[in-house]
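The values are calculated or read from the model by the stated rules, or taken from the named source; none is laboratory data. Note that the structure is predicted; figures quoted are calculated from it, not measured. Heads up, the Cβs are rebuilt from the backbone with ideal geometry, glycines too, and the neighbour counts pull from every protein chain shown.
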Amino acid sequence: MNPSRNLFLIGPTGAGKTSLARHLAAHYGLRFVDLDREIERRTGTDVSTVFEIEGEVGFRQRESALLDEFSAGDGVALATGAGAVLAAHNRAMLAGRGYVLWLQADIEQQLERLAHDTKRPLLAGADRRARLEAMAAVREPLYRETADLALPAIHGVAAIGAQAIALIDQHWQRQTLTA
């Protein structure tokens, strides 16, 4: 949404949303929030355990509630989970309450970045490539539908941060807070 007070990052697992959102928050003077970390903070356990106990449905309900809470705020740089776009009401909240940056990553980049990650419940199992491809087939059209700006992933937070800032500065009509 333009103009907007908030900046939201969406994209696939392992794209670097958390690192980039933290970088952009510091640059733009926004409050940084990582949706998955906030779920962990509030439940007192990790995302894998939430999935194990409540299933994906329970996790998505928590995710939607926190997305509603944080996206309604002002001056937030929010890193969403990769699946936050699956629910239509989440996509509407993102598009209606902030400027949405889609951080892209191809399957090879994801496999490289997630090679030693054992904490993502939707990637459990033997064939990560097949899982990532299946998720991409469903989610990429939703990312495209929701995003105001797409940013191809490149290596290094500093490099992608500089590229993101240059593009955001060209396109984001930042609305300032009013007292």
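Observations on the model:
- Leading residue by the ranking (modelled with the lowest pLDDT) among those in the stretch 70-86 that are over 14 Å from G11 (Cα atoms) and in contact with a helix residue (DSSP H, G or I) (Cβ under 9 Å, 6 or more places away or on another chain): G73
- Among residues of the stretch 44-60 that are free of Cβ contacts under 8 Å to residues at least 60 places away in the same chain and over 16 Å from N90 (Cβ atoms), those with a Cβ under 6 angstrom from a residue that is of a type in the set (S, T, Y) and not in a loop (DSSP other than H, G, I, E, B), sequence gap 6+ or separate chain, pair up as V50/T43.
One line per residue, one yes/no per condition, for (1) closer than 19 Å to N6 by Cα; (2) outside any helix (DSSP H, G or I); (3) without any contact (Cβ under 8 Å) to a residue 40 or more places away in the chain:
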{"position": "A134", "(1), (2), (3)": "no, no, yes"}
{"position": "R139", "(1), (2), (3)": "no, no, no"}
{"position": "L142", "(1), (2), (3)": "no, no, no"}
{"position": "E145", "(1), (2), (3)": "yes, no, no"}
{"position": "A150", "(1), (2), (3)": "yes, yes, no"}
{"position": "I154", "(1), (2), (3)": "no, yes, yes"}
{"position": "I160", "(1), (2), (3)": "no, no, no"}
{"position": "A164", "(1), (2), (3)": "yes, no, no"}
{"position": "Q170", "(1), (2), (3)": "yes, no, yes"}
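- Any hit, the stretch 24-37, residues being touching a Pro at 6+ places or on another chain (Cβ under 6 Å) and either surrounded by fewer than 20 Cβ atoms within 10 Å (Cβ to Cβ) or of a type in the set (S, T, Y) (or both): no
- Criterion (of a type outside the set (G, A, S) and touching a Gly at 6+ places or on another chain (Cβ under 9 Å)) met by exactly one of R22, R60, R42, R37: R60
- E56 meets the stated requirement of being more than 10 Å from the chain's Cα centre (by Cα), among the acidic types (D, E) and under 20 Å from L132 (Cα atoms).
- Among residues of the stretch 19-43 that are free of Cβ contacts under 8 Å to residues at least 12 places away in the same chain and closer than 15 Å to G75 by Cα, those with a Cβ under 9 angstrom from a residue that is among the small types (G, A, S) and in a strand (DSSP E or B), sequence gap 6+ or separate chain, pair up as A26/A77.
- Filtered by the rule that a residue be of a type outside the set (A, V, I, L, M), exposed (fewer than 15 other Cβ atoms within 10 Å of the Cβ), at pLDDT 90 or above and more than 19 Å from H27 (Cβ to Cβ), the stretch 138-179 gives P141, R144, E145.
- Condition met for T80 (crowded, with 20+ Cβ neighbours inside 10 Å, among the polar types (S, T, N, Q) and at negative phi): yes
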